[in-house]
Every structure is written in C-alpha cells, then in structure tokens.
Amino acid sequence: MSSPRFEGKVALVTGAGSGIGRAVSVRLAAEGASVLAVDVNADGLDATKDLASSQIVTHHADLSDPDACFATVAQCVELFGRLDVLGNVAGIYLAAHTVTTTREQYRKVMAVNLDACIACGLCARACRDVQANDVIGMGWRGEHHAPFGCCAAGGASM
C-alpha cells in the first residue's frame, strides 16, 4: 500500500468549521497531513475535529482582521514547524442587492472573501517559499493573479 499523499505535510485550512473547509480539513488529515483548522465558529471547529483524526488542531479566529491572519499563519508554523499547504476556503455570503448593501456589509464580505486570502498568502510566503500549486483557493488558481481575478470577477458579477 502506498503512503498517503500528504504524509508529513502541514496544512492550514480556513473556513474549516463547516462545508467545503470542513471537508478539505478532514480529507487532508485522512491523507496524512497535520492540519490547523481555522474558523470564526468554534462549535463548528469542534465538530470538524470530531470527524477527523488527531492530526487536526483547531484555531478560533476572525480572519476579517488582517492581524488575525498573520497570527494564525505564525501559530501554524510555531505548532508544526512549517507550512506546506494553505487552503483559503473561508467565505461569507450576503443575500442582498448591491444598492441595499451597506458599506460595513461590503467591507466584511471583502475582508473575509478576498483580504484574508491575500493576507494569509503573504504571510505563508514569508514563512516558506510557497509554490503556486501549494495554495488552494476556492474560485481561483494559484496566487499570482488572485487580487486581479477576484476584483475582476467581483466587478463583472455586479
């Protein structure tokens, strides 16, 4: 039998308290990775940890705060000594028409859905020379054109 694909790797997954982030975290752990599962929802993180092996460590953080992004990546490296895979999966959805969206609502969505991806990616790059295929982002490929792609897609969808 071959060894799991992520044996010996360390992954940080945002949005791990539910949905796709939970599934990614559980799968990476099953494939041998040590996972730092991050979410604003502490109860959801507990449920994620219950679904997986002991290779998941949970971390409660609000990634709409850039300082929390940097602290989270630093904690991952402190806990595991490295970072191999960054799964930028956290995201929030606001069911509102553009003209009724407040500035605060808009900034919260952008802070979680875009700014946190960029902040975590920048910090991960500083911790290790992360290659483009080591960064997993929902809705975009790699890290090189993420800000442009996210902004262009956001504008086009309005």
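The values are calculated or read from the model by the stated rules, or taken from the named source; none is laboratory data. Computed from a predicted model, the values in this text were never measured in an experiment. Glycine gets a Cβ as well: all are built from the backbone with ideal geometry, and neighbour counts include every protein chain shown. Remember, those area values only see protein heavy atoms, side chains included, never the ligands or the DNA or RNA. Shrake-Rupley method; radii C 1.70, N 1.55, O 1.52, S 1.80 Å.
Scan the range 48-66 residue by residue and report those that are over 21 Å from R107 (Cα atoms) and either of a type in the set (A, V, I, L, M) or under 12 Å from the mean Cα position of the chain (by Cα) (or both).
Once the filter is applied, which keeps residues that are over 21 Å from R107 (Cα atoms) and either of a type in the set (A, V, I, L, M) or under 12 Å from the mean Cα position of the chain (by Cα) (or both), the range 48-66 yields L51, A52, I56, V57, H59.
Quickly run through the range 55-67 and pick out the residues that are open to solvent by 10 Å² or more (accessible area, probe 1.4 Å), of a type outside the set (S, T, Y) and farther than 15 Å from V112 by Cβ.
Listed by number, the residues that qualify are Q55, V57, H59.
For the range 1-49, which residues satisfy the criterion of being charged (D, E, K, R) and open to solvent by 70 Å² or more (accessible area, probe 1.4 Å)?
R5, E7, K9, R27, D43, D46, K49
Condition test on F70, is it farther than 18 Å from G121 by Cα, aromatic (F, W, Y) and surrounded by fewer than 24 Cβ atoms within 10 Å (Cβ to Cβ)? Explain how you work it out, then say what you get.
Numbers: farther than 18 Å from G121 by Cα: no; aromatic (F, W, Y): yes; surrounded by fewer than 24 Cβ atoms within 10 Å (Cβ to Cβ): yes.
In short, no.
State whether the residues of the range 42-51 include one that is touching a Gly at 6+ places or on another chain (Cβ under 7 Å) and under 23 Å from P4 (Cβ atoms).
Yes, the range 42-51 has at least one match.
Report, by residue number, each residue of the range 84-98 that is farther than 13 Å from S18 by Cα and either open to solvent by 20 Å² or more (accessible area, probe 1.4 Å) or free of Cβ contacts under 8 Å to residues at least 60 places away in the same chain (or both).
Y93, L94, A95, A96, H97, T98
Go through (1) open to solvent by less than 20 Å² (accessible area, probe 1.4 Å); (2) in contact with a strand residue (DSSP E or B) (Cβ under 9 Å, 6 or more places away or on another chain); (3) of a type in the set (G, A, S) one by one and return the number of the condition A52 breaks.
All conditions pass for A52, except number (1).
Of all residues being touching a helix residue (DSSP H, G or I) at 6+ places or on another chain (Cβ under 9 Å) and at pLDDT 90 or above in the range 50-59, which is farthest from A71 (Cα to Cα)? Just the residue, please.
By that ranking, first place goes to L51.
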